[in-house]
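The values are calculated or read from the model by the stated rules, or taken from the named source; none is laboratory data. As the structure is a computational prediction, the values presented were derived from the model and not from experiment. So basically every Cβ, Gly included, is an ideal-geometry build from the backbone, and we count neighbours across all protein chains shown. For accessibility, only protein heavy atoms count, side chains too; no ligands or nucleic acids. Shrake-Rupley method; radii C 1.70, N 1.55, O 1.52, S 1.80 Å.
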Amino acid sequence: MDDLEMLIQKRIDSPTADLVDQLLEQYLSSLQPCAVPLDAALEQLKARYPLRSLPHSSIQYARTALSVIEAYYPEEASYLQHDWDMRLEGAQALVEPLHLKLFCAEVADNGAGHALYERQRAQYERRTAGTGNPWHMMPIHICAESSSGYCLVTGSDALHEQVICLRGITQEDIDNRTPTLIAYLRAKYGDCTSE
């Protein structure tokens with residue numbers, strides 16, 4: 001065995017790896033499958049937060065379409081232009097022919113949404129303490145495509161973790177200790193648990 005193989009086989013020590021080991025040891029034996037379809041998780045978010053649907057002409061809508069097409073329809077993606085703007089436009093044109101079920105929304109800064117923005121501000125101030133950089137609110141977006149299960153949350157770690165918990169895990173995730181399982185354990189039980 002050469003040095004590279006030895007390095008690859010060694011466990012990389014880090015606080016994250018230690019946390020994952022601890023969470024697996026503590027919770028793995030008691031986990032039950034609890035996966036729900038993405039549509040059901042999105043409905044729960046709609047009931048919990050003030051969401052404003054983004055128009056189909058929005059950049060978030062176009063980027064979501066492109067991300068899904070590149071990940072799940074690589075043959076169609078290969079025909080898209082290389083120029084970024086034209087690529088986004090081409091992806092939007094494929095939404096209907098590919099029967100993509102896109103959902104793009106922004107969380108409003110009121111009600112339960114305000115708590116997410118306050119948490120965003122507190123995280124920013126912790127990360128930039130002493131730099132003098134003022135906080136500017138970053139819109140919180142949820143962009144998803146139901147048939148593929150693609151979901152991206154930007155602007156809020158707390159909301160991202162809530163989505164992970166709402167979507168749950170499958171028996172396959174538990175049996176194979178997938179990245180989905182690790183993300184679920186960290187979001188639900190780890191030191192970064194959302195409120």
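A few remarks follow.
- For the pair region 79-152 and region 172-191, the centres of their Cα atoms are 23 angstrom apart.
- Our coupling estimate for region 101-112, obtained by passing each phi through the Karplus curve with A = 6.51, B = -1.76, C = 1.60 and θ = phi - 60°, is 10, 8, 9, 9, 9, 10, 7, 6, 8, 8, x, 5 Hz, Gly and Pro reported as x.
- Gain in span if fully extended, Glu25 to Ala93, counting 0.36 nm per residue against the direct Cα distance: 19.7 nm
- Extent along the principal axes, Cα only, for region 36-195: 47, 43, 30 Å, with the longest axis given first.
- For Thr178, no residue has an amide H sitting under 5 Å from its own, ignoring neighbours fewer than 5 places away on the same chain, with H placed 1.01 Å from N.
- Backbone HN-Hα couplings from phi across region 67-81 [Karplus 6.51/-1.76/1.60, Hz, Gly and Pro as x]: 4, 5, 5, 5, 7, 10, 9, x, 5, 5, 4, 5, 8, 6, 4
- Note on exposure: Trp135, Trp84 ranked by accessible area (1.4 Å probe, complete protein assembly) read Trp84, Trp135, with the most exposed listed first.
- Rolling a 1.4 angstrom probe over the chain with all protein chains present gives an accessible area of which 52% lies on carbon and sulfur atoms.
- The alpha carbon radius of gyration of region 24-82, expressed as a multiple of 2.2 N^0.38 Å, is 1.70.
- Computing FRET efficiency as 1/(1 + (r/R0)^6) for Thr170 and His56, where r is the C-beta to C-beta distance and R0 is 22 Å, gives about 0.10.
- Placing +1 on the Cβ of every Lys and Arg and -1 on the Cβ of every Asp and Glu, with nothing else charged, gives the chain a dipole about its Cα centre of roughly 720 debye.
- A simple packing score, the average count of other Cβ atoms within 10 Å per residue, orders the peptides 157-165, 116-124, 29-37, 87-95 as 157-165, 87-95, 116-124, 29-37, with the highest score first.
- Charge dipole (the chain, unit charges on Cβ, about Cα centre) - positive-most of Leu88, Pro37, Trp135: Trp135
- Dividing the helix sum by the residues of the chain, where each DSSP H run of 4 or more adds -39500 (n - 2.57), gives a mean residue ellipticity at 222 nm of -16000 deg cm²/dmol.
- Å² of accessible area per residue within the chain, as computed with a 1.4 Å probe and no ligands counted: 61 Å²
- Amide proton proximity set for Ser147, modelled H, under 5 Å, gap of 5+: Lys101
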